[in-house]
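Colleague: Here it is, the structure in full.
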Amino acid sequence: MASEKPSIERIPGYCALCVSRCGSIAVVENGRFVGLEPDPSHPTGQALCAKGRAAPELVYHADRLLYPLQRTRPKGDPDPGWRRITWDEALDLTATRLRQLAQAYGPESVAFSVASPSTSASVDSTLWIERLMRAFGSPNLSMSMELCGWGRYLATVYTYGASVPGAYMPDLEHAGCILFWGYNPNVARLSHATATMAALKRGARLIVVDPRRAGLAGRADVWLQVRPGADAALALALAHVMIERGWYDRDFIREWTNGPLLVRADNGRLLTEYDLSAEGSAQRYVAWNEAKRGPVLYDPSLGRYAGGSSDLALFGVFTVDAPQGKLVCRPAFDHLAEACRRYSPEAAAAICSVEPGQIEHAAQLLWEARPVAYYAWSGVEQQTNATQIARAIAQLYALTGSFDTKGGNVLFAAAPTANVAAVTAPAPLAPALGLADRPLGPSRWQHVTSDEIYRAILEQQPYAVRGLVGFGANLLVAHADGRRGREALAALDFYVHADLFMNPTAELADIVLPVASAFEREALKIGFEVSAAAQALVQLRRPVVAPRGEARSDTAIVFDLACRLGLGSEFWEGDVDAAYRYQLGPSDVSLETLREQPGGVRAPVQTRYRKFAGQRDGAPQGFATPTHKVELYSETLLAHGYSPLPEHVEPLVSPQARPDIAEHYPLILTCAKHTLFCESQHRGLPSLRRHALDPEVELHPLAASERGIRAGDWVRIETSQGSVQARARLNDALAPNVVCGQHGWWQSCPEIGAPGYDPFSRDGANLNLIIGNEAIDPISGSVPHRAYLCQIRRMGPDV
Ligand code: SF4
């Protein structure tokens, strides 16, 4: 008998497992999801990585959570005694406990956590989770902003008044020069890697700054092997060369940055009209006009200098008459140039380990091959000086004059939509945790650090957190100081966690909810970010197969829970379609059209450049900063006691800063994403784990031979916080004093006999267990996962 032809369906969509959101075609055979293929017709669909191709394994994995579970035994008991319960029981109990906490201690006593959208599919639901948090009345969201996103989204707000390069993305299609800093798109965003390869083919130049020769570094015109955490010194040195040689866009600096504004020598403040006359305005600033040889006023509300900007001085010392006598001032740009002058290529080389000739070469390339498009990632964000690094790179970028120009960093046009992260009837929220300690940090935007949550639980400072609503965030493995984290989560009055798999963090929950994978649910994506064509695309991703067991999408969980909390009016009484319609309202794209066209709809939008120069109410749009200019000199930072200019601050846990620690732990410990796994996920998938059986640490052959270590040996990575184990991999492209570990190891893969690792034990391999939270960026709270101190020893009976 002839066998029946299989029924094969090919469903267009995109892989949502990481920020790349690669356009894809899901292959479904006889109702079973069997493969994921790239969809080259999609603007992010040139290729898929191994994780995307392993999607069916993820969906059908034997360890998937399939039913809501309730803990029946105390936390700390090796057996949580999980009991299967119904969704009604799980969500009613959750709503009751959350309401009780809010009534007794205020809604701020409940924190929310979400896996980073950069390395998970949480983006499908993030806006709705944020809406739930705000509707509930909590200001506390842990989304790993201090580790992944601060530099590219929020730190540069103090320079550009906008997220650069997070929202103003590199226009790789038209760039003359591409600068990747602490960013390996091969691993972090495949769609950027494929676009970069296309750009290189047409002749674009590439500069990569990375302690490792990873990914596209091998294809770069210049690879700058920076010492981990010394990136600001390198950025200042590049800026120094550019300023000294005149390689900067004077018109942009004069007209669009606050470089011409005069800074008072006596107090470091920008000179204002009020300083010159009691009748003057403290909101109008003063620059020096060289043609007139006198001060001129700049009014931010008009965006104009009296007499225009062409004759404004960028350098010099000027004396102006004030009621109290003469005031000595210099333009902000002169201060910046002076700050950069301290980092000549030779001086910087001694700090950041990059050869002076390479610094000169890279600076020249940045100028001659512009427009420059840049992207930076967590390599420069997981640092104790993360904010200053972001500021230093941002001011370097301003010199190129490429901001929001074709081929530079551009805010690509997207379909206009309603902001659903904001609630319709917002109630006043309590200050977020951490706001008092770091008023300019992530808490300003209601992003709190894991350490702030742990402190609020264990020490009730600045107030008590007693409840946690978790969506996929594996805090105890993804963040530092997991033992303290475990103690904190165990001390919560109530913890509900939604996830695909049980993990070391979820194990401490009271209720665990099974989540549908990205391939089992619908999701709306407005803009795919990486190019004008990608950002104009609106797509409603279809489910490829039905959810397994009783799993539900995070979005469905949010809507249902919201209704049970009495917040149904903010959630369309649980009707997700109605919510999507509201979100799409301003776009002219209907939900019905999106359902009919699963490959997505191109919104009729046009990307414009140099939007800052466009007119609004008779004045240039400018920048969303206090001076309406790019703030090379930030009075906001100054007012909070920080340097108004970008500066290099030695990493707090480095051989230079802590010789006492370095005496015992002489190697600089950095880490990098694994190509095969998204952070702490995916190690249970046989097709991936087969190619990476064990946790590894890379070290230079010299460092290895000094320690009697050979390739493949099991070694102990020791820091002042403890030790974990890994296998040695030799890498002669690393600096001899730098080692590179891998984080996220805990999961086993029994199908191929690959073990799991206790994430809280020295016999485990959880790299973040040996990173402390004691030395952090004073502005953002960022933690030094990329620049710490360690020792490596070959494992033997005593080690
Ligand atoms: S890079 Fe890989 S995991 Fe990320 S979206 Fe693309 S295919 Fe999925």
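Colleague: Do you know which residues across the stretch 695-746 are among the acidic types (Asp, Glu) and either within 29 Å of the chain's Cα centre (by Cα) or open to solvent by 30 Å² or more (accessible area, probe 1.4 Å) (or both)? Lay out the reasoning, then the answer.
Modeller: Within the stretch 695-746, the first condition is being among the acidic types (Asp, Glu), and the residues that meet it are 696, 698, 706, 713, 718, 732.
Of everything in the stretch 695-746, those that are among the acidic types (Asp, Glu) and either within 29 Å of the chain's Cα centre (by Cα) or open to solvent by 30 Å² or more (accessible area, probe 1.4 Å) (or both) turn out to be GLU696, GLU698, GLU706, GLU718, ASP732.
Colleague: Output the number of the condition that ALA121 fails; it satisfies all remaining conditions of (1) more than 30 Å from ASP171 (Cα to Cα); (2) modelled with pLDDT under 95; (3) hydrophobic (A, V, I, L, M, F, W, C).
Modeller: Evaluating ALA121 over (1) more than 30 Å from ASP171 (Cα to Cα); (2) modelled with pLDDT under 95; (3) hydrophobic (A, V, I, L, M, F, W, C) leaves (1) as the failure.
Colleague: Please go through the stretch 16-39 and pick out each residue that is β-branched (Val, Ile, Thr), within 30 Å of the chain's Cα centre (by Cα) and more than 9 Å from the ligand (Cβ to nearest atom).
Modeller: The first filter runs over the stretch 16-39 and keeps only residues β-branched (Val, Ile, Thr), leaving 19, 25, 27-28, 34.
Right, trim to within 30 Å of the chain's Cα centre (by Cα) and you get 19, 25.
Residue satisfying the conditions is ILE25 alone.
Colleague: Please pick out the residue among ALA193, ALA204 that is within 16 Å of the ligand (Cβ to nearest atom), farther than 21 Å from HIS648 by Cβ and within 29 Å of the chain's Cα centre (by Cα).
Modeller: Working: ALA204 fails: within 16 Å of the ligand (Cβ to nearest atom).
When all the criteria are applied, what remains is ALA193.
Colleague: Please enumerate the residues belonging to the stretch 592-607 that are outside any helix (DSSP H, G or I) and either free of Cβ contacts under 8 Å to residues at least 12 places away in the same chain or within 18 Å of ALA422 (Cα to Cα) (or both). Give the steps one after another, and end with the answer.
Modeller: Within the stretch 592-607, the subset outside any helix (DSSP H, G or I) is 597-607.
Correct list: GLN597 only.
Colleague: If we only count helices (runs of 4 or more DSSP H) wholly inside the stretch 437-515, which ones have 3 or more residues that are touching a helix residue (DSSP H, G or I) at 6+ places or on another chain (Cβ under 8 Å) and more than 30 Å from TYR60 (Cα to Cα)?
Modeller: On the way: elements: 450-458, 475-478, 482-490.
Counting at least 3 such residues, we get 450-458, 482-490.
Conditions tested, residue by residue: (1) under 30 Å from GLN742 (Cβ atoms); (2) open to solvent by 40 Å² or more (accessible area, probe 1.4 Å); (3) more than 19 Å from the chain's Cα centre (by Cα).
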residue: VAL410; (1), (2), (3): no, no, no
residue: ALA430; (1), (2), (3): no, no, yes
residue: LEU440; (1), (2), (3): no, no, no
residue: SER450; (1), (2), (3): yes, no, no
residue: LEU458; (1), (2), (3): yes, yes, yes
residue: GLY467; (1), (2), (3): no, no, yes
residue: ARG486; (1), (2), (3): yes, yes, yes
residue: ALA498; (1), (2), (3): yes, no, yes
residue: ALA506; (1), (2), (3): yes, no, yes
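Colleague: Separate question: Could you tell me whether the stretch 49-62 includes any residue that is at pLDDT 95 or above, open to solvent by 20 Å² or more (accessible area, probe 1.4 Å), touching a helix residue (DSSP H, G or I) at 6+ places or on another chain (Cβ under 9 Å) and away from the ligand (no atom under 16 Å from the Cβ)?
Modeller: yes
Colleague: Tell me, please, whether a residue that is touching a residue at least 12 places away in the same chain (Cβ under 8 Å), of a type in the set (Phe, Trp, Tyr) and within 30 Å of GLY137 (Cβ to Cβ) can be found in the stretch 582-591. Can you show your working first?
Modeller: Within the stretch 582-591, the subset touching a residue at least 12 places away in the same chain (Cβ under 8 Å) is 582-589, 591.
Of the ones still in play, those that are also of a type in the set (Phe, Trp, Tyr) are 582.
Adding the requirement that they be within 30 Å of GLY137 (Cβ to Cβ) leaves 582.
Checked the stretch 582-591: at least one residue is touching a residue at least 12 places away in the same chain (Cβ under 8 Å), of a type in the set (Phe, Trp, Tyr) and within 30 Å of GLY137 (Cβ to Cβ).
Colleague: Given (1) under 28 Å from GLY379 (Cβ atoms); (2) crowded, with 20+ Cβ neighbours inside 10 Å, where does PRO666 come up short, assuming only one miss?
Modeller: (2)
Colleague: Here is a further query. I'd like to check something: does the stretch 82-94 contain any residue that is surrounded by fewer than 14 Cβ atoms within 10 Å (Cβ to Cβ), away from the ligand (no atom under 16 Å from the Cβ) and not basic (Lys, Arg)?
Modeller: Residues of the stretch 82-94 surrounded by fewer than 14 Cβ atoms within 10 Å (Cβ to Cβ): 83-84, 86, 88.
Narrowing further to those that are away from the ligand (no atom under 16 Å from the Cβ): 83-84, 86, 88.
Still in the running and not basic (Lys, Arg): 86, 88.
Looking for residues that are surrounded by fewer than 14 Cβ atoms within 10 Å (Cβ to Cβ), away from the ligand (no atom under 16 Å from the Cβ) and not basic (Lys, Arg), one finds at least one in the stretch 82-94, hence yes.
Colleague: Another question, if that's okay. Which is without any contact (Cβ under 8 Å) to a residue 12 or more places away in the chain, out of contact with any Cys (no Cβ under 7 Å at 6 or more places or on another chain) and either assigned to a helix (DSSP H, G or I) or open to solvent by less than 30 Å² (accessible area, probe 1.4 Å) (or both), of GLY259, GLY268, GLY246? Can you show your working first?
Modeller: Values: GLY259 fails: without any contact (Cβ under 8 Å) to a residue 12 or more places away in the chain; GLY268 fails: without any contact (Cβ under 8 Å) to a residue 12 or more places away in the chain.
From the options GLY259, GLY268, GLY246, the qualifying one is GLY246.
Colleague: Out of ILE752, ILE770, which single residue is under 15 Å from HIS479 (Cα atoms), in contact (Cβ under 8 Å) with a residue 24 or more places away in the chain and either open to solvent by less than 10 Å² (accessible area, probe 1.4 Å) or not acidic (Asp, Glu) (or both)?
Modeller: Working: ILE752 fails: under 15 Å from HIS479 (Cα atoms).
Among ILE752, ILE770, only ILE770 is under 15 Å from HIS479 (Cα atoms), in contact (Cβ under 8 Å) with a residue 24 or more places away in the chain and either open to solvent by less than 10 Å² (accessible area, probe 1.4 Å) or not acidic (Asp, Glu) (or both).
Colleague: Another one. Could you figure out which of (1) in contact with a helix residue (DSSP H, G or I) (Cβ under 7 Å, 6 or more places away or on another chain); (2) among the hydrophobic types (A, V, I, L, M, F, W, C); (3) touching a residue at least 40 places away in the same chain (Cβ under 8 Å); (4) open to solvent by 40 Å² or more (accessible area, probe 1.4 Å) isn't true of TRP572?
Modeller: (3)
Colleague: Is at least one residue of the stretch 628-636 of a type in the set (A, V, I, L, M) and closer than 30 Å to TRP256 by Cα? Quick ask: steps written out before the conclusion?
Modeller: First, the residues of the stretch 628-636 that are of a type in the set (A, V, I, L, M): 630, 632.
Add one more test, that the residue is closer than 30 Å to TRP256 by Cα, and what stays is 630, 632.
Taking every residue of the stretch 628-636 in turn, at least one turns out to be of a type in the set (A, V, I, L, M) and closer than 30 Å to TRP256 by Cα.
Colleague: Just checking, which of PRO107, PRO43 is in contact (Cβ under 8 Å) with a residue 24 or more places away in the chain and within 16 Å of the ligand (Cβ to nearest atom)?
Modeller: Details: PRO107 fails: within 16 Å of the ligand (Cβ to nearest atom).
On inspection, the qualifying residue turns out to be PRO43.
Colleague: Among the residues of the stretch 703-719, is there at least one that is more than 25 Å from PRO655 (Cβ to Cβ) and within 16 Å of the ligand (Cβ to nearest atom)? Outline the logic, then answer.
Modeller: As a first pass, look at the stretch 703-719 and keep what is more than 25 Å from PRO655 (Cβ to Cβ): 710-712, 714.
After this cut, where a residue has to be within 16 Å of the ligand (Cβ to nearest atom) as well, the list is none.
Within the stretch 703-719 (the criterion being more than 25 Å from PRO655 (Cβ to Cβ) and within 16 Å of the ligand (Cβ to nearest atom)), the answer is no, since none of the residues qualifies.
Colleague: Shifting gears a bit: Of all residues in the stretch 20-40, which are β-branched (Val, Ile, Thr) and touching an Asp or Glu at 6+ places or on another chain (Cβ under 8 Å)?
Modeller: Restricting attention to the stretch 20-40, the residues satisfying the condition of being β-branched (Val, Ile, Thr) are 25, 27-28, 34.
ILE25, VAL27, VAL28 - these are the residues of the stretch 20-40 that are β-branched (Val, Ile, Thr) and touching an Asp or Glu at 6+ places or on another chain (Cβ under 8 Å).
Colleague: So, one more: Would you mind stating whether PRO74 is crowded, with 17+ Cβ neighbours inside 10 Å and more than 16 Å from the ligand (Cβ to nearest atom)?
Modeller: Working: crowded, with 17+ Cβ neighbours inside 10 Å: no; more than 16 Å from the ligand (Cβ to nearest atom): yes.
No; evaluated as a whole, the condition is false for this residue.
Colleague: Name the residue, out of GLY741, GLY722, that is on the phi > 0 side of the Ramachandran plot and touching a residue at least 24 places away in the same chain (Cβ under 8 Å). Show your work before the answer.
Modeller: Numbers: GLY741 fails: on the phi > 0 side of the Ramachandran plot.
The conditions single out GLY722.
Colleague: Can you give me the number of residues within the stretch 381-423 that are assigned to a loop (DSSP other than H, G, I, E, B) and of a type in the set (S, T, N, Q)?
Modeller: Selection size over the stretch 381-423: 8.
One line per residue, one yes/no per condition, for (1) β-branched (Val, Ile, Thr); (2) under 26 Å from ARG689 (Cα atoms):
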{"position": "PRO6", "(1), (2)": "no, no"}
{"position": "CYS15", "(1), (2)": "no, yes"}
{"position": "ILE25", "(1), (2)": "yes, yes"}
{"position": "ASN30", "(1), (2)": "no, no"}
{"position": "ASP39", "(1), (2)": "no, yes"}
{"position": "ALA47", "(1), (2)": "no, yes"}
{"position": "ALA50", "(1), (2)": "no, yes"}
{"position": "ALA54", "(1), (2)": "no, yes"}
{"position": "ASP63", "(1), (2)": "no, yes"}
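Colleague: Just one of (1) in contact (Cβ under 8 Å) with a residue 40 or more places away in the chain; (2) farther than 22 Å from GLY52 by Cα; (3) of a type in the set (A, V, I, L, M, F, W, C); (4) surrounded by fewer than 24 Cβ atoms within 10 Å (Cβ to Cβ) trips up LEU540, so point out which.
Modeller: (2) is the only condition that LEU540 fails.
The values are calculated or read from the model by the stated rules, or taken from the named source; none is laboratory data. All values reported here derive from a predicted model rather than from experimental measurement. Every residue, glycine among them, receives a Cβ derived from its backbone with ideal geometry; neighbour counts consider all protein chains shown. SASA here: full protein model, heavy atoms, side chains in, ligands and nucleic acids out. Shrake-Rupley method; radii C 1.70, N 1.55, O 1.52, S 1.80 Å.
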